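*Asks:* First the structure, then my questions, so here it is.
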Amino acid sequence: DLADNPKTRKIAKTLFDTQAPENGPILRQIVNKRAELVELVGYQTYADYDVEEMMTKTTDVVEAFLGVLDCATAERYDAEVEMLTQQLRRGTRRRVLRSYDIRYYTEKMKESRYGLDPKAVMEHFQYETVRDGVLDVYSDLFGIEFRLVTGDALELWAPKSSKIDVYDVYDGTEKL
């Protein structure tokens with residue numbers, strides 16, 4: 001996302017957006033099961049079924065709310081896109097802002113407007129410190145515990161060569 005070369009940004013975004021293709025069939029199954037469910041219980045769409053128990057009660061209310069949000073944010077959104085497009089045009093011959101440019105030029109704008117260097121900020125937030133802080137906040141907020149998965153159990157989630165941490169989540173003695 002932050003590469004200076006737009007071709008590299010495009011490749012990175014494409015790779016990010018197309019990761020885990022094995023989830024496609026699973027997602028299609030979920031969508032099909034949802035369609036079966038709403039047909040069985042007599043709803044027009046899954047959205048109608050899903051919002052009935054919520055405060056909004058109907059998709060019409062949700063759509064009206066989203067319309068209000070759209071109107072309230074459209075002007076600011078357009079202004080931000082224009083600022084990012086101007087930032088793009090100052091540094092390249094390109095005229096059109098692409099989806100893979102947005103984060104890059106947002107960071108460039110932060111640097112030019114506020115003197116904020118994301119790389120310098122990241123130096124102050126080591127991964128382990130941030131990870132532990134996030135886990136502590138969620139533990140306190142939801143009254144749960146995160147336990148690092150090790151040994152054979154980890155092999156279910158990631159090969160030994162992976163550099164990832166896997167956690168089980170517990171509510172008291174119950175594994176969630």
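*Asks:* Please name whichever of VAL38, THR58, MET109 sits farthest to the positive end of the charge dipole of region 1-135, dipole taken about the Cα centre and charges placed at Cβ: Lys and Arg +1, Asp and Glu -1.
*Replies:* Comparing the listed Cα positions along the dipole, MET109 ranks first.
*Asks:* For ALA3 and TYR127, what is the calculated FRET efficiency with R₀ set at 22 Å and r taken between the beta-carbons, to the nearest 0.05?
*Replies:* On the way: r = 20 Å, r/R0 = 0.93.
So the FRET efficiency works out to roughly 0.60.
*Asks:* Another one. Expressed in nm to one decimal, what extension gain is obtained for the pair GLU36 and ARG95 from 0.36 nm per residue of sequence separation less their Cα-Cα distance? Don't jump to the answer; show the numbers that get you there.
*Replies:* Details: separation 59, 0.36 × 59 = 21.24 nm, distance 4.64 nm.
Answer, rounded to one decimal: 16.6 nm.
*Asks:* Explain nothing, just compute: Karplus ³J(HN,Hα) = 6.51 cos²θ - 1.76 cosθ + 1.60, θ = phi - 60°, for every residue of region 55-70 in order, whole Hz, x for Gly and Pro.
*Replies:* Residue by residue, region 55-70 yields 4, 5, 6, 9, 5, 4, 5, 4, 4, 5, 4, 5, x, 4, 4, 4 Hz.
*Asks:* Could you list, in their original order, any pairs among LYS13/LYS110; LYS33/LYS163; LYS10/LYS175; LYS10/LYS110; LYS7/LYS33 whose Cα atoms are separated by more than 31 Å? Intermediate results must be reported in sequence, preceding the final value.
*Replies:* Details: LYS13/LYS110 21 Å; LYS33/LYS163 35 Å; LYS10/LYS175 40 Å; LYS10/LYS110 21 Å; LYS7/LYS33 39 Å.
As for pairs spanning more than 31 Å Cα to Cα, those are LYS33/LYS163; LYS10/LYS175; LYS7/LYS33.
*Asks:* Would you mind working out the accessible area per residue for region 27-176, using a 1.4 Å probe, and quoting it in Å²? Please list the in-between numbers first.
*Replies:* Values: 12310 Å² over 150 residues.
Accessible surface, normalised per residue, equals 82 Å².
*Asks:* Something else about it: Which of (i) 22.5, 60; (ii) 16.9, 51; (iii) 15.3, 48 is the computed Rg and Dmax of the Cα atoms in Å for the structure on display?
*Replies:* Given (i) 22.5, 60; (ii) 16.9, 51; (iii) 15.3, 48, the calculated one carries the label (i).
*Asks:* Would you kindly compute the Cα radius of gyration of region 57-143 and its largest Cα-Cα separation (Dmax), both in Å?
*Replies:* 19.1, 53
*Asks:* Of the accessible area of the chain, with the probe set at 1.4 angstrom, what percent is carbon plus sulfur? It would help to have the intermediate numbers written out before the result.
*Replies:* On the way: 8150 of 14330 Å².
After summing per-atom areas, the C and S share lands at 57 percent.
*Asks:* Shifting gears a bit: Suppose every Lys and Arg Cβ carries +1 and every Asp and Glu Cβ carries -1, with no other charges. What dipole size does the chain come out with about its Cα centre, to the nearest 20 debye? Show your work: numbers first, answer last.
*Replies:* Details: 25 positive and 33 negative charges, 314 e Å.
The dipole of the chain has a size of about 1500 debye.
The values are calculated or read from the model by the stated rules, or taken from the named source; none is laboratory data. The structure displayed is predicted, hence computed values, not measured ones. A quick note on method: Cβ atoms are made from the backbone with ideal geometry, for glycine too, and the neighbour counts reach across all protein chains shown. Accessible surface is based on the protein model in full, side chains and every heavy atom, while ligands, DNA and RNA are left aside. Shrake-Rupley method; radii C 1.70, N 1.55, O 1.52, S 1.80 Å.
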